[in-house]
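This report refers to the structure that appears directly beneath it.
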Protein chains: 2
Amino acid sequence: MQNLRIPGPTPCPPEVLTAMGHQMINHRGVEFADALKDVTAKMKKVFQTQADPLLVTGSGTAGLEAAVVNMLSPGDSVLSVSIGVFGERFAKIAETYGADVVSLSFAHGQAADPEAVRTALENNPAVKAVLVTHNETSTGITNDLAAISKIVKSAGKLLMVDCISSLGSINVPVDEWGIDVAISGSQKGWMVPPGMAMLAVSEAGWEAYAQSKMPRFYFDLGKAKKSLEKGQTPWTPNVSAVLAFRVALNMMLEEGIESIFARHTRMGNFTRTGVKALGLNLLADERYASNTVTSVIADQGLDAKKLNKIMREEFDIVLAGGQGPLEGKIFRIGHLGMVKESDIQAVFDALKLALPQAGFTGKSEQR
Amino acid sequence: MQNLRIPGPTPCPPEVLTAMGHQMINHRGVEFADALKDVTAKMKKVFQTQADPLLVTGSGTAGLEAAVVNMLSPGDSVLSVSIGVFGERFAKIAETYGADVVSLSFAHGQAADPEAVRTALENNPAVKAVLVTHNETSTGITNDLAAISKIVKSAGKLLMVDCISSLGSINVPVDEWGIDVAISGSQKGWMVPPGMAMLAVSEAGWEAYAQSKMPRFYFDLGKAKKSLEKGQTPWTPNVSAVLAFRVALNMMLEEGIESIFARHTRMGNFTRTGVKALGLNLLADERYASNTVTSVIADQGLDAKKLNKIMREEFDIVLAGGQGPLEGKIFRIGHLGMVKESDIQAVFDALKLALPQAGFTGKSEQR
């Protein structure tokens, strides 16, 4: 069986795949309403929020766009805190809809400096909302969102967070951190195929919604909230993914969210330790290295694209490459959702053989 | 097994459901690229177009919104030809994004009069595009799109058509009729679960795209077109639905599109004949009655909501109710996608028993 080690879509448990193959049901009927209400109640526990997270049929990017168009108005000043491709994307969406974006960017592999966020807010008092990526999939960095949220909230700004690849894997206490809109995606730690974004909106977020003037129809979260009262979605939902999500959430709550977070911490440490033992270098500042995805620098003669090809063709292990400016410069190992030590050990075992074939001249430690 | 007789989501063949349960694969890898290219080539045959239909992860409404934001600019004058809820929705989306909508509406149960479209275009020379619903799911009417398209094209306007519940079931020769953007949805005649919209854009449509100024990011069809060259989508696709779609398209092409259209014609006639034989009245003007969904008037004492409840609880047959202004006034029988005479005969057999229980006092013919 293929060892899919990209940071999403992630492998799905057999029980989830069985649910994906469920025959269609009426999306306006009782059975679907029960599933949606159950999924909503269980999402709340993982999001650690009192708000009902809402579903949008679409990918994670649809979730980012939904956040922007429901909270902001053209001309609004927003601070974009970006540490990679997905941070840039969030800002680009805001800009597309007419927001006035103040950019605060950090080098790839670095976390955002909370003090720089504080200074940027002081220098730009007109800023209404702050866009942050919690876990930047393109570089493998997890921002110190607890620290950033304190600064953003004490400045009285809206906090809009891309938690797509953290929520469900890494601790994100949405209410405690005062996140006004938290966005996630089904194909990450949730162990469900892609096709659904989830958004939790705070009370302040709903106040912003009431004021927001960006055009929205399909992504209108107010309509989603209203439909949820009837156990429905405003537009035909991804029925299969909702039924699969219910199964996945049951599995997650059975494992327990604290245990899930601890397992991801273990997987992150295990991956980084093993990668370094092979003589490879991490892109990420280790203090902020992500527990869901590890980015590895293609140095010491290593051809990252060739490596990924060998890994796939000879070992049936699928790794991710670099995105945007990092294309060809790194490779990435996903370790979120359904993952255990042996899945990552298999990656190391194959890397030992594949690295020299891909030009790598570095020396691995004797372990 | 439940007999799901709503106009989408439609029942899926077992082979399609098996594909829905496929384990996740890399959406940037070779296997997915092969599937996407195959799906695209096969969609072209059903759309009867030389353009590559593009996929949007979302429901049919996402497809309507994608059509609007990719073709139009704020302030553009558009003619909305509406015969029901979905026509109104298409217009509302255009209005939301700042289009200047000229409304041409027809009574529920009636088709659009092509001559009225001609007159409206003559009276509103500034109109740039015409929005039409081919098959109005809420009333069960199929517009005479061949006649309407001739008028719209000879006036030199863009023709934007909601073919969500017709394409794949009813003949829609997209290129021959000069449709500039044709929108469909996976959960209709295509026999695939909901979660994916498909759009085919003409050359004139792409010229309009280049001029269009409505904000768009997630729905940007130019990005989708560019990504397709690499066998990818700009954002994480609905992997499961793409794999399932491939299987469904193989089944459709094996049956043959002419045979599919003929089967739907048969199903439409069979349904209407049977409904009338029960003493019920059709909402639709029979000259334009849809071959994918039949709307039945709740008259002669009939409580439509009660009927649907009895049909579901006692016979495991799921019918649809009325939408918007037709809520409680009609019920609807879906007959698109995977459907054969015996599925509809089972509906009649149950209706015979259920109708009197739901207050119906009309007399059925002796057959």
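Name the residues in region B:165-192 that are part of a strand (DSSP E or B) and among the small types (Gly, Ala, Ser), would you? Walk me through how you get there before you give the answer.
The first filter runs over region B:165-192 and keeps only residues part of a strand (DSSP E or B), leaving B:167, B:170, B:181-185.
Those that are part of a strand (DSSP E or B) and among the small types (Gly, Ala, Ser): B:Ala182, B:Ser184, B:Gly185.
Evaluate region B:250-270: report whether one residue or more is at positive phi, surrounded by 15 or more Cβ atoms within 10 Å (Cβ to Cβ) and either modelled with pLDDT of 95 or more or touching a helix residue (DSSP H, G or I) at 6+ places or on another chain (Cβ under 9 Å) (or both). Before you say what the answer is, go through the steps one by one.
Step one: of region B:250-270, the residues at positive phi are B:256.
Next, only the ones that are surrounded by 15 or more Cβ atoms within 10 Å (Cβ to Cβ) stay: none.
Scanning region B:250-270 turns up no residue that is at positive phi, surrounded by 15 or more Cβ atoms within 10 Å (Cβ to Cβ) and either modelled with pLDDT of 95 or more or touching a helix residue (DSSP H, G or I) at 6+ places or on another chain (Cβ under 9 Å) (or both).
Just so you know, in region A:164-217 the residues that are among the β-branched types (Val, Ile, Thr) and within 14 Å of chain B (Cβ to nearest Cβ) include one that is farthest from A:Ala146 (Cα to Cα), and it is A:Val192. Restrict the check to region A:231-253 and report whether at least one residue is assigned by TED's automatic domain parsing to the domain that holds A:Val68 and charged (D, E, K, R). Yes - at least one qualifying residue is present in region A:231-253.
Is there a residue being surrounded by fewer than 24 Cβ atoms within 10 Å (Cβ to Cβ) and of a type in the set (A, V, I, L, M) anywhere in region B:199-208? The answer is yes; a qualifying residue exists.
Considering each of A:Ile179, A:Ile183, A:Ile170 in turn, give the residue that is more than 20 Å from A:Ala62 (Cα to Cα) and in contact with a Cys (Cβ under 9 Å, 6 or more places away or on another chain).
Going through A:Ile179, A:Ile183, A:Ile170 in turn, the sole match is A:Ile170.
With the structure loaded, tell me whether B:Ser240 is more than 14 Å from chain A (Cβ to nearest Cβ) and closer than 30 Å to B:Pro11 by Cβ or whether it fails that test. Steps first, please.
Values: more than 14 Å from chain A (Cβ to nearest Cβ): no; closer than 30 Å to B:Pro11 by Cβ: yes.
So B:Ser240 fails the test.
Tell me, which residue of region B:1-14 that is buried (at least 19 other Cβ atoms within 10 Å of the Cβ) and in a loop (DSSP other than H, G, I, E, B) is farthest from the other protein chains (Cβ to nearest Cβ)? For region B:1-14, the residue satisfying everything is B:Pro7. Among the residues of region B:304-327, those that are assigned to a helix (DSSP H, G or I), surrounded by fewer than 22 Cβ atoms within 10 Å (Cβ to Cβ) and in contact with a helix residue (DSSP H, G or I) (Cβ under 9 Å, 6 or more places away or on another chain) comprise B:Lys306, B:Ile310, B:Arg312, B:Glu314, B:Phe315, B:Gly324, B:Pro325.
Of everything listed in (1) in contact with an Asp or Glu (Cβ under 7 Å, 6 or more places away or on another chain); (2) touching a residue at least 60 places away in the same chain (Cβ under 8 Å), the single unmet condition for A:Met198 is (1). When region A:126-164 is filtered for residues that are farther than 18 Å from A:Val68 by Cβ, in a loop (DSSP other than H, G, I, E, B) and touching a Leu at 6+ places or on another chain (Cβ under 7 Å), the ones remaining, listed by number, are A:Ser138, A:Thr139, A:Gly140, A:Ala155. In summary, A:Ile330 fulfils each of the numbered conditions (1) more than 21 Å from A:Ser138 (Cα to Cα); (2) crowded, with 23+ Cβ neighbours inside 10 Å with the single exception of condition (1).
Between A:Gly301, A:Gly231, A:Gly268, the distinction of being touching a Ser or Thr at 6+ places or on another chain (Cβ under 7 Å), assigned to a loop (DSSP other than H, G, I, E, B) and more than 14 Å from chain B (Cβ to nearest Cβ) belongs to A:Gly301 only.
The values are calculated or read from the model by the stated rules, or taken from the named source; none is laboratory data. From a predicted model like this one, the values you see are computed outputs, not experimental measurements. A quick note on method: Cβ atoms are made from the backbone with ideal geometry, for glycine too, and the neighbour counts reach across all protein chains shown.
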